[in-house]
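The values are calculated or read from the model by the stated rules, or taken from the named source; none is laboratory data. Treat the numbers as computed from the prediction; the structure is a model and nothing was measured. Because the Cβ atoms are built from the backbone with ideal geometry, glycine has one as well, and the counts that use them run over all protein chains shown. Accessible surface is based on the protein model in full, side chains and every heavy atom, while ligands, DNA and RNA are left aside. Shrake-Rupley method; radii C 1.70, N 1.55, O 1.52, S 1.80 Å.
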Amino acid sequence: MPTATAIAHPNIALCKYWGKRDRALNLPAVPSLSLTLAPFSTTTTVEWGASRDELMLNGRPGTAEESRKVFAVLDLFDSWRPRARVVTQNDFPTAAGLASSSSGFAALVLAGAKAAGQARTVEELSVFARRGSGSASRSLFGGWAEWRAGERGDGLDSYAFEIAAANHWDVRMLVAIFDAGPKEVSSRDGMNHTQETSPFYPAWVSSAPHDLPAAKAAIRARDLEALGKVMERSALRMHACMMAADPPVIYWKSGSVWAQEVVRSLRSKGIPCAWTMDAGPNVKVLVEAEHAEVVRAKLAVVAERVHVLEPGGPARLVEPG
Ligand code: DP6
């Protein structure tokens with residue numbers, strides 16, 4: 001039976017994706033930009049031609065909802081496809097504060113294409129990964145990636161691409177953990193609810209695209225101060241928008257605010273660093289490698305745990321054996 005295995009790293013957005021212009025096709029309302037992060041990774045094997053569709057996720061059978069999403073993505077390769085067995089494993093704790101869906105769907109589409117014997121462009125794979133989870137469109141790429149919102153109704157122009165490779169800039173992303181429990185509200189539910197009820201949502205959609213050119217210029221110039229301004233602004237506007245929803249969506253905990261204060265205090269002492277947050281209380285801090293240890297030590301005082309991550313490469317196939 002044709003079988004293939006792929007590995008992908010998760011990514012963290014610096015310019016956030018929040019809100020959809022089409023739910024069925026999972027098309028974003030705004031463009032976004034991210035950094036792919038190693039060493040955390042997801043390894044996924046697809047066996048094309050099994051007795052039934054079967055998903056194993058971190059050593060347990062996938063739930064009905066997880067299986068529905070995974071096999072709907074494989075259906076995109078061939079609506080008459082044979083049944084498939086998918087085995088996927090994260091090498092990082094599910095509560096590590098990183099979106100395993102981003103690495104998961106990126107590894108799935110790469111392994112799926114190979115197992116199905118299909119030569120797909122990386123843009124096509126990014127479109128397929130997007131259908132599983134929006135942020136996964138960016139995890140096909142190493143280093144710094146942009147995901148275009150696109151304009152087409154069929155979504156074929158809404159894919160990600162690399163802006164700069166992993167070795168372009170020697171940075172670290174520190175992930176300060178404040179709550180290892182499962183999310184109270186998934187990003188998908190949180191963003192749909194924000195879109196439906198927040199009076200700030202139109203302002204978010206019209207302002208967010210302007211962050212991209214500034215972020216890209218800062219990345220090209222390796223200017224952490226300039227990038228930090230954009231990434232904190234993007235995170236704050238996204239969270240402000242969801243806090244204004246009815247009822248509000250509030251992912252922040254007291255520790256999240258402490259970590260933001262640690263970052264501001266380090267900055268006032270001349271250490272360039274900047275924070276971002278996603279659909280959870282954990283705080284991610286971007287810093288140049290030379291300052292990573294100082295920042296890690298300060299965050300460790302307020303956080304339960306701090307992971308130190310670095311720019312990772314693109315999703316890749318793994319040779320059998
Ligand atoms: C806050 O990609 O998990 O992390 O497309 O509905 O699966 P779906 O959402 P998902 O949302 C990620 C939201 C975010 C920001 C980002 O990664 O850009």
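Structure data summary
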read-out: Matching residues, region 183-215, being open to solvent by 60 Å² or more (accessible area, probe 1.4 Å) and within 18 Å of SER135 (Cα to Cα); value: LYS183, ARG188, ASP189
read-out: Every residue from region 216-243 that is within 16 Å of the ligand (Cβ to nearest atom), more than 15 Å from ASP278 (Cα to Cα) and surrounded by fewer than 22 Cβ atoms within 10 Å (Cβ to Cβ); value: LYS216
read-out: Qualifying positions in region 65-95 - open to solvent by less than 40 Å² (accessible area, probe 1.4 Å), more than 13 Å from THR42 (Cα to Cα), of a type outside the set (D, E, K, R) and in a loop (DSSP other than H, G, I, E, B); value: ALA95
read-out: Pick from region 253-288, criterion assigned to a helix (DSSP H, G or I) and open to solvent by 30 Å² or more (accessible area, probe 1.4 Å), ranking: farthest from CYS241 (Cα to Cα); value: SER268
read-out: Filtered residues of region 32-48 (kept if open to solvent by 20 Å² or more (accessible area, probe 1.4 Å) and over 15 Å from VAL109 (Cα atoms)); value: PRO39, PHE40
read-out: Subset of region 195-228 [among the charged types (D, E, K, R) and under 22 Å from ALA29 (Cα atoms)]; value: GLU196, ASP211, LYS216
read-out: VAL205 being aliphatic (A, V, I, L, M), within 16 Å of the ligand (Cβ to nearest atom) and within 20 Å of ALA149 (Cβ to Cβ); value: yes
